[in-house]
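The structure under discussion appears below in the form of structure tokens.
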Amino acid sequence: MQIENEATFRLSAQSGLNLFLGAGFSLLSSDANDRHLPVGDQLKDELIREFRLEEMSKLRLSQVCAYLERTNKLPYLKYLKQRFTVKAYDNNYGNIENINVKNIFTTNIDDLILNIYKNSTFNYINVVSMHGSEHLDRSAINYVPLHGSVVENEPQFYFSDADMASAFAEDPDKWKYLSKGLEDYPTVFCGYGLNDAGVWESLSSRQESGRGHKSKWILVNDADAGTEEYFSAIDFQIIRGDTEELLSYFSQLELDDELRQKRQSNFVPGYSIPQIGDVSVRPLRDFYEGAGPTWYDILSGQLSHTAHFNNAQNKINNKENVVILGIPACGKTTLMMQLAAEVAFDGQKFFVDYCTEEKANHIVNAIKGRKSLIFVDDFTDSVTGILILLKCPNIQILAADRSYIFDTVTHLMDLRKISIIDVTELRKIDIQRIYDNIPNDFRSEKFALTEEEGGQFLSIFEIIELNIRKTKLSERFIEVLEGLRESDIRLHDVFF
């Protein structure tokens, strides 16, 4: 194999590189029936045989797919999902972990990449079309399936350059993320033939910021001089070889020192509980004006505990899995962060903002059977992640979310394995403590306390609203209701 400007390519692979994958990348994998995944006209021929469309043999793949989607959609989608679900793949694909992958873009619809990283102790795949992009988690590799993917809940597949252009028009955020990725990091294109060049032409003509793309390499196999000259003209550097040779090349690489030390020093570095010296300082007043809690608010000890803290702490010490529920802005996240920072635990503690299935598998792989206590906020956003953690005997969880959202996923959970704490209501002693902790120059001179009809105690949200001179928490609550209007108008009407 020959790599143009190899020293630069090697450095890019070690310090940070995007992968842009085409159909040829998946040739070393197979489906449940031990058949290699089809490429281009191979798929067209299969579809014609499967759905008895011999009269369409002269049509293009995109035309056959368009016909089937309009006339036989469900069987067509089922066939594609089964055909492109990977069950076996060459061990050399694992060599990808020897390079520092930043983003993966692909026109493939298979789940090969998710299989490759499924057992990784260092990284996990975040499917952007399902979960949004992940920028703060250093273990996440953002994965953008440009033509759809069999892992999506309601996939829509695209099999031509025209389809891809349509997909970008329907989802401009996908285009912006792709364009930014090419501008931020060098990229290697693997598995593309000359027929795919139109994809690159459509991308290169629509750069988002005008900054230009970082270095680009393309893997070509048995290409003639004209083909190589063409790719050079559109700013590609050439790698002569095939997918298997490139994967073998990756096996010879070593990560840069910083990334190697990160992997060796902390097996799940993105989720550890910080120390107060590691976090940014901010005025406590920001919290009472409606901003969400930060680790400085928690670690400085300036926020009071409620009785719910003692209750949850006792359940943790009793080896129980705990779910904290409540209305918006009632202090769930604050309580979780206080528990994460202060509860003594004879193992590792981690705090996760939300937990997708891919992230949960990554955590399980990374901790390697070590005893762990994992705090998960907004856990119903991907309840399958929590279900994975609950199956591990070495993992104990404390998760939180809004009560009305939890009700939509209870049928998926074994409630015998969790203890539920509703933190919406507070005792009078807790209410007084919260009032006393409000900064003097911000607190109302007179303590206001109005009990709800029926004698129910007020939530933290209502206490602070009643007892500060400048109110911003109401704005935060309105934002929650507006978001609910978009996602579930019936629940919005209940709370409005």
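The values are calculated or read from the model by the stated rules, or taken from the named source; none is laboratory data. Model, not experiment: these values are computed from the prediction. Here the Cβ positions follow ideal geometry from the backbone for every residue, glycine too, while neighbour counts run over all protein chains shown.
A few notes on this one:
- Highlighted here are the helices (runs of 4 or more DSSP H) found entirely within the range 387-496 that include at least 3 residues which are modelled with pLDDT of 85 or more: 403-406.
- You will find that of Asn317, Asn361, Asn321, Asn310, the residue that is under 20 Å from Arg138 (Cα atoms) and either surrounded by fewer than 23 Cβ atoms within 10 Å (Cβ to Cβ) or in contact with a Ser or Thr (Cβ under 8 Å, 6 or more places away or on another chain) (or both) is Asn361 and no other.
- The numbered conditions (1) over 21 Å from the mean Cα position of the chain (by Cα); (2) under 24 Å from His308 (Cα atoms); (3) among the basic types (Lys, Arg) are all true for Lys371 except (2).
- Residue ranges of helices (runs of 4 or more DSSP H) in the range 260-330 with at least 1 members modelled with pLDDT of 85 or more and in the same structural domain as Arg402 (by TED's automatic domain parsing): 295-299, 307-317
- Of the residues making up the range 312-331, none is out of contact with any strand residue (DSSP E or B) (no Cβ under 7 Å at 6 or more places or on another chain) and of a type in the set (D, E, K, R).
- Residue within the range 30-37 that is part of a helix (DSSP H, G or I) and surrounded by 13 or more Cβ atoms within 10 Å (Cβ to Cβ) present: no
- Asn18 vs. criteria in the same structural domain as Ile218 (by TED's automatic domain parsing), outside any helix (DSSP H, G or I) and out of contact with any helix residue (DSSP H, G or I) (no Cβ under 8 Å at 6 or more places or on another chain): no
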